[in-house]
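A short write-up of the structure that comes next.
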Amino acid sequence: ATSQSARFTSPAYTIQVDYQWRPQTMFYFNNSLGYKSGGFNGQNFVSFQIFRPEHLNNYEVGMKTDFDWGAIGMESVKTRVDASMYYGVYRGIEIQTTGAYLRQNGGLPSLGTPYLDVGDGDLWGWDLQLTVLPTPDLELYAAAEYNKGKYKNFQGPNANGTGQVSTPGVAFEILPEYKLDSHVTYHSSFIPK
């Protein structure tokens, strides 16, 4: 039997400042710090027994506004626009890898899936949402989003599975650069007898 122990602590917070420019328009600034605990890969790995915590310090500015424009028949067209931009400072990024790694008992490397601390990175992007009500029953919605992430100095596993080496040009995984979404909703008040 073997045992491992460690202690990971970190503050986490959210601070938001809102400015109500007029009854239908609000601007905001948000700063939040998130924390994900570290952990253990087990004692079988020679070099990767433990992985450290990761932190994301995110800054966001945005606007939410409602307004009426034009008219269809006797109804004004109600519109809502939500827009925001963000920048995230990502530190101590953890990823799970699959490869051949040396084990404590020696011999040839064997397949493993440890978590590795691969370095720091930054995230940034924007988000835009538009909702239009041509009539009280009809809702048109469209949204667009842009995301980008970049490692400062990605530290990948070396070929022997005994340590890590700097690997340039590695992009963030599972981060769609563009995202588009839209839908049309009709709210019917018809109730059959």
Per GNM of the chain with C-alpha springs under 10 angstrom, the most fluctuating residue out of 125, 88, 99 is 99
Of the candidates 25, 13, 59, the farthest towards the positive dipole end of the stretch 1-143 (Lys/Arg Cβ +1, Asp/Glu Cβ -1, centred on the Cα centre) is 13
Semi-axes in Å, largest first, for the stretch 1-153 (Cα gyration tensor, √(5λ)) are 49, 18, 12
If each K or R counts +1 and each D or E counts -1, the residues other than residue 76 whose Cβ falls under 12 Å of its Cβ total -2
Counting only protein heavy atoms and rolling a 1.4 Å probe, one gets per residue an accessible area for the chain in Å² of 65
Answer in debye to the nearest 20: the dipole magnitude of the chain about its Cα centre, from +1 Lys/Arg and -1 Asp/Glu charges placed on Cβ, is 620
Those GluC sites (Glu not before Pro) from the stretch 116-193 that are DSSP loop and have at most 13 other Cβ neighbours within 10 Å turn out to be 173, 177
Share of accessible surface on carbon and sulfur in the stretch 22-118, whole %, 1.4 Å probe and ligands ignored, is 60
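The values are calculated or read from the model by the stated rules, or taken from the named source; none is laboratory data. Note that the structure is a prediction, hence the values are computed from the model and not measured. Glycine gets a Cβ as well: all are built from the backbone with ideal geometry, and neighbour counts include every protein chain shown. For the accessible areas, the whole protein counts, side chains as well, though only heavy atoms, and no ligand, DNA or RNA atoms are used. Shrake-Rupley method; radii C 1.70, N 1.55, O 1.52, S 1.80 Å.
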